[in-house]
């Protein structure tokens, strides 16, 4: 690759720098002047006093469900490539349906496990 | 009935199986424990004596080794390790030593007051099995292996039944001896490595001798390997700056254990130098010759003076045992037939006499409750037999004629005169040192006066003479010493035959002389003209 | 696209060749199903199924070990290739997993934790390890490695009420992920380099060990290859706990439940070493100019670091962890010897691993019995007067530690001997020197531990202030038998090597 080909990258870098500088300068010129207070001087200041502790307690149930959802979601991803070449595999005489059934079987077992362990019950 | 090889195997496995029985024999009761341990100690001793008696009549020797036999335990094809047993003229006396001292230590231990006697005897029997194995192994791996087997009980016994400072002593000994053992293991592996890892030769001493006789190895390599072996074995034998574990360890060890360790197990390293290192890699031995002499003189003189300063009887015996190692090292340093013969003779004699000293020291302790020689005194009239034993043992240890030690030290001095004449004077001075501390100990304990505090501590306790349980081992040992002292041929004949058969020992002195630019001495002439030469 | 290629690949799908792995998965699924469908009064059956199922598999494997195993060649399209060590390592992992499950029984009954998941994870992880050591393709290697690692994330933090266990889990997660990332980056670099058509012997199948090996042999000087290889080795060094990637070991070993510590110490390390061996003898064979000095340096530092840091420890789990680092160092000496080309080295490593397995589980068996509910606080002081209280356990401990320290006539000694001979054959004298120093140091702390158990300590002022330690009851007959068996095997392996040793 020639160096010229990297020109767009160069332009993007420049653009980013210019925009950042412009915003800083603009806010310096047009922004409000205020005395610094406790909130604005704190490490993660956004000008407001914090309303609660930064690590609130939350119900873990949602996370369990979300995690389980992601697991099954990802496992579905495994099936997409299989679906795409299933017909071709069949045409050369490879019976790929049994492995997938086995896969689904294990997956179903996982689902049963979740239900038995009350992972899907909201009210507990 | 049994083939001789089977007897050798039995001499290892009888104590071992007796030990296993005893480990699980909590319910045997003291008499049962004694019976089993008596079997475990007597049979190997009997086998050793039997094999010794018929040793000189043996024919069909394989490279000097009689009773040879072996079996493969599974490492032969990969690394050339075979359980190969047999005895030659050098190992025969030491095998005998292991049997006799083992028997004496066993008898002594059986009637000791140790708690958990079954465990105590079991560990001692494991040690005995290892000791019998060390000296009848032709395979140098098993030679090492049995040594370690005998070593482990030492740590445990010191820890469980030892004296005041046992925790520190056991740890110091463990770390020191592991270092020594590891270095010597590396050296042994390196010897095998010189054959190009030929598994047919393997770790067998016979095979290695054959190989080294027909191949030359560069002197630098020989010197490196010898250094590994010298310092590895040296640590195990308490060669001068590596000795500090020994006196403390012995002082804290239970008596039977100290007898076996100081008497027999420590000969492992010396035996390794005589039987393996010097014959296989003579150039290495020559290269390190001066070191051996100087360190050995360190053993004799420096440790000698330290010994004189001791007031604790057991510590004194420990230091004197370290000191006497110096003579044996000097004998090895001569590399001559006479010197090596004297060294082996002294190994035998010292093994017996130091074990005897430990028995007697314990007997003294049992009567007085202390090892402090300055405190004890005037025991002689109350325990005349004990006094007699003690004086005799001190004489033997000093090296007076009539005891086996004399022949060993005497021949070493003769050999030393041939190729390190300057070292004779300090070595003989060492005899004076040992006379000083040996006789002073005897006079302090048995003839001097006791301190008042000591008399008070005794109270109204009556001091009796030596009991039968103490007398039996002491008698066995003393009789052996005197027997060999009066008839050295009993073991020297086989030693001489074996040492002479080794070309290294017949040629090395000339090389030593050549190297030192000393006027070359005709070995054959001097040997014939020396009175010690014939007896060897 | 040419689908006939798939046909050829499919022809190599010999499911029967990986029946032990499939059986492991089967046992795991069976345990899962039993957990789901058995009434709770019958749940006691689950550990029995897990243990005896694996024991049956182990019996079949051991019987099969004697038979000649012909190499089947690459299977599953080059994903898997069983080597000469495969039968041994299968038996190794199944045995280790069985013992972990066994230790888990008494551990879990004390802790009030869910039971069946423990067995399930252990079994799945072990199955993955069995695949890991056979993988001959970086994809397979990475996938099975991740299966192992993710299983361990859960197992390490299994005791979720204990802050120690959670902390250990977090540390293991973060550092494990980091090491996986490093490994993956190395794989990617190798993949990229090997696929570059401008270079000699470039290949389209550049994840495959054989193809990659050919490429590396043709272009061993390529910087990308070198960097990639170093990164891959570093990733593996994390798993075996070699310095400077050992940082997680003490904390994780201490915090993890004791059976999991045993699993980490034995199986995880063994798997790492087998992978290392496969790599060093396989694709990286041509890189011995790089691997030998690199691994030598790591081995020396590892031996010294592990032993010296273990000296000052009072917590026995940390002692085991740090001494495990030292053992990794000794084994690395074997790997270096293998990289130099010594034929004895791989067998020495395998023998050592087996010796390590038996000795470690003997020690862990004692630890699990002696530990109280607070599993992570096991101080050396707890072992005081053990010989009086529980002479059997003290004996087991002595033999286990003795074997770890490498004292004849125990198996650990023969293992060290073989490694030393292999190192001698490879002329690695510096490494030998380091190993000797390490062994001497290690004797100090192993014996210090034993000393605590055996020797009576004089009472010191202030002893009364020491917290009391748990006083477990007598040893059950099954525990006695198991520990006795481990000890007997340790002794026998030290005396007779015929039949065990394949070299």
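Quick rundown of the values:
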{"item": "Number of the condition not met by residue C:16 [criteria: (1) at pLDDT below 85; (2) within 9 Å of another protein chain (Cβ to nearest Cβ); (3) assigned to a helix (DSSP H, G or I)]", "result": "(2)"}
{"item": "Residues located in region C:300-333, provided they are outside any helix (DSSP H, G or I) and without any contact (Cβ under 8 Å) to a residue 60 or more places away in the chain", "result": "C:312"}
{"item": "Tally of residues being surrounded by 24 or more Cβ atoms within 10 Å (Cβ to Cβ) and free of Cβ contacts under 8 Å to residues at least 40 places away in the same chain across region C:142-156", "result": "1"}
{"item": "Wholly enclosed helices (runs of 4 or more DSSP H) of region B:139-226 bearing at least 1 residues modelled with pLDDT of 85 or more and facing another protein chain (nearest Cβ under 10 Å)", "result": "B:140-161, B:166-194"}
{"item": "Test: residue in region C:163-171 that is at pLDDT below 90 and in contact with a strand residue (DSSP E or B) (Cβ under 8 Å, 6 or more places away or on another chain)", "result": "no"}
{"item": "Region C:20-44 - residue that is more than 12 Å from every other protein chain (Cβ to nearest Cβ) and surrounded by 15 or more Cβ atoms within 10 Å (Cβ to Cβ) and, of those, farthest from residue C:129 (Cα to Cα)", "result": "C:27"}
{"item": "Restricting region B:441-456 to residues that are free of Cβ contacts under 8 Å to residues at least 60 places away in the same chain and surrounded by 14 or more Cβ atoms within 10 Å (Cβ to Cβ), the residue that is nearest to residue B:513 (Cα to Cα)", "result": "B:442"}
{"item": "Only one of C:386, C:393, C:353, C:397 that is closer than 28 Å to residue C:301 by Cβ and in contact with a helix residue (DSSP H, G or I) (Cβ under 9 Å, 6 or more places away or on another chain)", "result": "C:353"}
{"item": "Of the criteria (1) within 14 Å of chain C (Cβ to nearest Cβ); (2) touching a strand residue (DSSP E or B) at 6+ places or on another chain (Cβ under 8 Å), which one residue B:88 fails", "result": "(1)"}
{"item": "Residues located in region B:113-136, provided they are outside any helix (DSSP H, G or I) and more than 17 Å from residue B:21 (Cβ to Cβ)", "result": "B:113, B:114, B:115"}
{"item": "Enumeration of residues in region A:108-124 that are touching a residue at least 12 places away in the same chain (Cβ under 8 Å) and either more than 12 Å from chain C (Cβ to nearest Cβ) or in contact with a strand residue (DSSP E or B) (Cβ under 6 Å, 6 or more places away or on another chain) (or both)", "result": "A:119, A:120, A:122, A:124"}
{"item": "Condition met for residue B:125 (at pLDDT below 90 and more than 16 Å from the chain's Cα centre (by Cα))", "result": "no"}
{"item": "Scan of region A:85-100 for residues that are surrounded by 10 or more Cβ atoms within 10 Å (Cβ to Cβ) and more than 10 Å from chain C (Cβ to nearest Cβ), ordered by number", "result": "A:86, A:97, A:100"}
{"item": "When residues of region B:226-261 are limited to those that are crowded, with 24+ Cβ neighbours inside 10 Å and more than 18 Å from the chain's Cα centre (by Cα), the one farthest from residue B:347 (Cα to Cα)", "result": "B:252"}
{"item": "Scope region C:436-454; condition under 13 Å from residue B:177 (Cβ atoms) and more than 7 Å from every other protein chain (Cβ to nearest Cβ); matching residues", "result": "none"}
{"item": "Helices (runs of 4 or more DSSP H) (entirely within region C:334-414) containing at least 1 residues that are modelled with pLDDT of 85 or more, more than 12 Å from chain B (Cβ to nearest Cβ) and within 19 Å of residue C:323 (Cβ to Cβ)", "result": "C:344-370, C:391-405"}
{"item": "Scope region C:415-435; condition more than 10 Å from every other protein chain (Cβ to nearest Cβ) and part of a helix (DSSP H, G or I); matching residues", "result": "C:415, C:419, C:430, C:431, C:434"}
{"item": "Filter pass, residue C:125 being more than 14 Å from chain A (Cβ to nearest Cβ) and surrounded by 23 or more Cβ atoms within 10 Å (Cβ to Cβ)", "result": "yes"}
{"item": "Qualifying residue in region B:109-122 (condition: under 16 Å from residue B:351 (Cβ atoms), surrounded by 24 or more Cβ atoms within 10 Å (Cβ to Cβ) and more than 12 Å from chain C (Cβ to nearest Cβ))", "result": "no"}
{"item": "Qualifying residue in region B:19-30 (condition: touching a residue at least 60 places away in the same chain (Cβ under 8 Å), within 29 Å of residue B:203 (Cα to Cα) and buried (at least 16 other Cβ atoms within 10 Å of the Cβ))", "result": "yes"}
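The values are calculated or read from the model by the stated rules, or taken from the named source; none is laboratory data. A quick note: this is a predicted structure, and the numbers were derived from the prediction, not measured. Glycine gets a Cβ as well: all are built from the backbone with ideal geometry, and neighbour counts include every protein chain shown.
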